[in-house]
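Heads up: the structure comes next, in structure tokens.
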Amino acid sequence: MFTKKHIISMRDFSKAEIDVILKKAEELEPFAKGKKSNLLAGKILALLFYEPSTRTRLSFETAMKRLGGETINMISPEASSASKGETLADTIRVVSEYADVVVLRHSKEGSARMAADVSSAPIINAGDGAGHHPTQTLLDLYTIKRESHLENLSIALIGDLKYGRTVHSLAYALSLYGAKISLVSPEQLKMPDEIKSDLRKRGVDVSETTKLEDVISHVDVLYVTRIQKERFPDPSEYQKVAGTYRISAPLLKDAKDDMIIMHPLPRVDEIDADVDATKHARYFQQAFYGIPVRMAVLSLVLEAR
Amino acid sequence: MKKELRVRPIKNGTVIDHIAAGQALNVLKILGIVGRTDAVVSAVTNVPSKAMGKKDIVKVEDRELAPHEVDKIALIAPSATINIIREYKVKEKHKVAPPNMIEGVVKCANPNCISNTKEPVTSKFTVDKHEKGVQLRCVYCERIISENIVEHLF
Ligand SMILES: [Zn+2]
């Protein structure tokens, strides 16, 4: 049973609700690959992107159209009433009367929650500033479910664990499944203590290291994230750190056979191109899974109305 | 100062006792009664107390504050007690308990939070009780305020 009207933050979801979404995604996967569907025929999705995120927008648009629905787009916020000083709340009030469902991306944290407060249609958060991006987390979970296993998972989260909200949200969601999480990051980008203690309180086995070599041989999933240059005041420090966490094919020789590598993309140079051809690479598959997961979310919120 | 003056009894109204020393004015601020009421309100600070060393007391005359009005002061004065006075006698007495949700009292510490913009949003926090007191989580951006809540009052 799925009764959530809006998709705002992973914290809103129980394990059972997440499982409903993942199951729905599996059901809809054939349609993501091109099988004809009229499931959402006659429905309109409004895409309100106040920040550019071409990949996310295309992915939602694809999901809607593959299910027979239509999309309307706000081309650029500069050309719209936002530039004339209209509040986001007013824009949402208007657009939610046009469309059956609204996907919002906005620079302010919490904007999607506020939008949900004033909207007459379901709101799906496609990223609010440094805040939440629940469909990213859901597609990460779906990838793990399809390509590995969610229960008894051993996963390493690698890279920027301090500012990277993607990994915070994923770690939180995995806590519902009782994962073993290894945190691998440079000293400067360690996961904040309050998040670690929250995870431990939720029964997650959390360990921490600065060395990639410590985890490669025993994990089921390597979840790699980008280390951003801006986080380092000293560019040479960045070069040194970024190099330390680069995944290359030779590094994977001790990995488990069925170990998979994920990355939310776009990658810069965290994963060498020679990894793409290994049996471990799943990041492009992961990107594709964004389609069935967004299909699932769209169809569930439209049914739940 | 003479003792009688400090603890001059009121005939009818509410006495908030056992406020942590120095927090009386913040209690008034949270209650939002100053400037919005005709009631005689007095605050006494640094009163010697057996249990607390020093404490503050706030008295609101001719107004009985309901628990839902005063519970939010538990955020900054968790040990406070509320005494409802009728005809100079304490008729009801209870301890404050933090509410599960507070609205419009605390400002989110995240400058990029939607509640800190011109959007029509009232700040809203869920209140979690834990060992060290209370922790506030912004309903919008989920940023946590766990210490010095006083500094985040509007
Ligand atoms: Zn906030």
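The values are calculated or read from the model by the stated rules, or taken from the named source; none is laboratory data. Computed from a prediction, not measured in an experiment: that's the story for all the values here. Cβ coordinates were reconstructed from backbone atoms using ideal geometry, including for glycine residues, and neighbour counts include every protein chain displayed. Side chains are part of the model used for accessible areas, which takes the heavy atoms of the whole protein and leaves out ligands, DNA and RNA. Shrake-Rupley method; radii C 1.70, N 1.55, O 1.52, S 1.80 Å.
For chain B, a Kirkwood hydrodynamic radius built from all Cα pairs, placed in the Stokes-Einstein relation at 25 °C and 0.890 mPa s, yields a translational diffusion coefficient of 150 µm²/s. The C-alpha radius of gyration of region B:101-152, expressed as a fraction of 2.2 N^0.38 Å, stands at 1.07. The slack in the chain from A:Phe284 to A:Gln188, taken as 0.36 nm per residue of separation less the alpha-carbon distance, amounts to 31.7 nm. Look at the stretch B:105-113: the mean tally of other chain Cβ atoms within 10 Å of its residues' Cβ atoms is 3. 3J(HN,Hα) along region A:58-67: 4, 5, 5, 5, 4, 4, 5, 5, 4, 9 Hz, from the Karplus curve 6.51 cos²θ - 1.76 cosθ + 1.60 with θ = phi - 60°, whole Hz, x for Gly and Pro.
For B:Met101, neighbours were defined as the other residues whose beta-carbon sits under 12 Å from its Cβ, and their charges (Lys and Arg +1, Asp and Glu -1) total 0. How much of the pair distance distribution for region B:13-95 lies past 15 Å, counting alpha-carbon pairs only, in percent? In whole percent, the long-distance tail amounts to 52. For chain A, a Kirkwood hydrodynamic radius built from all Cα pairs, placed in the Stokes-Einstein relation at 10 °C and 1.306 mPa s, yields a translational diffusion coefficient of 79 µm²/s.
Counting only DSSP H runs of at least 4 residues, each contributing -39500 (n - 2.57), and dividing by the residue count of chain A, the helix-based mean residue ellipticity at 222 nm comes to -12000 deg cm²/dmol. Too long at a 25 Å Cα-Cα cut-off: which of A:Lys23/A:Lys43; B:Lys107/B:Lys129; A:Lys35/A:Lys145; A:Lys190/B:Lys124; A:Lys162/A:Lys240; B:Lys55/B:Lys95? From A:Lys23/A:Lys43; B:Lys107/B:Lys129; A:Lys35/A:Lys145; A:Lys190/B:Lys124; A:Lys162/A:Lys240; B:Lys55/B:Lys95, over 25 Å: A:Lys190/B:Lys124. Across region A:42-53, coupling constants 3J(HN,Hα) worked out from phi with the 6.51/-1.76/1.60 Karplus curve, θ = phi - 60°, read x, 9, 10, 9, 9, 9, 10, 10, 7, 10, x, 7 Hz, and Gly and Pro carry x. Heavy atoms of the protein chains alone define the surface here; on that basis region B:13-95 has 52 Å² accessible area per residue at 1.4 Å probe size. Scattering from region A:150-263 was approximated by placing one identical point on each alpha carbon and applying the Debye formula without solvent; log10 I(q)/I(0) at 0.16, 0.22 1/Å stands at -0.70, -1.26. Backbone geometry of region A:89-95 corresponds, through the Karplus equation with coefficients 6.51, -1.76 and 1.60 at θ = phi - 60°, to 3J(HN,Hα) couplings of 4, 5, 4, 5, 4, 6, 5 Hz, x marking Gly and Pro.
The accessible surface of the protein assembly as shown, taken with every protein chain in place and a 1.4 Å probe, is 50 percent carbon and sulfur. Of the residues B:Ile145, A:Ile44, the one with the largest accessible area comes first in the ranking A:Ile44, B:Ile145, computed with a 1.4 Å probe on protein heavy atoms. So if we plug the beta-carbon distance of A:Ile72 and A:Asp254 into 1/(1 + (r/R0)^6) with R0 = 56 Å, what FRET efficiency do we get, rounded to 0.05? Once the sixth-power term is evaluated, E becomes 0.65. When both region A:34-67 and region A:252-305 are represented by their alpha-carbon centers, they are found 19 Å apart. Simple spin-label estimate for A:Arg202 and B:His68 gives 3.2 nm between the two label positions (7 Å along the Cα-to-Cβ direction from each Cα). Pairing chain A with chain B buries about 1400 Å² of accessible area. This figure sums both sides and uses a 1.4 Å probe. Build a GNM of chain A with springs between Cα atoms under 10 Å: which of A:Leu157, A:Leu88, A:Leu138 gets the top mean-square fluctuation? Checking each option, the largest mean-square fluctuation is seen for A:Leu88. Straight-distance candidates among the aspartates and glutamates for linking to A:Lys24, with alpha-carbon spacing under 19 Å and chain neighbours fewer than 8 residues away dropped: A:Asp12, A:Glu61, A:Asp140, A:Glu147, A:Glu151, A:Glu303. Comparing Cα centroids, region A:107-185 and region B:112-134 end up 21 angstrom apart.
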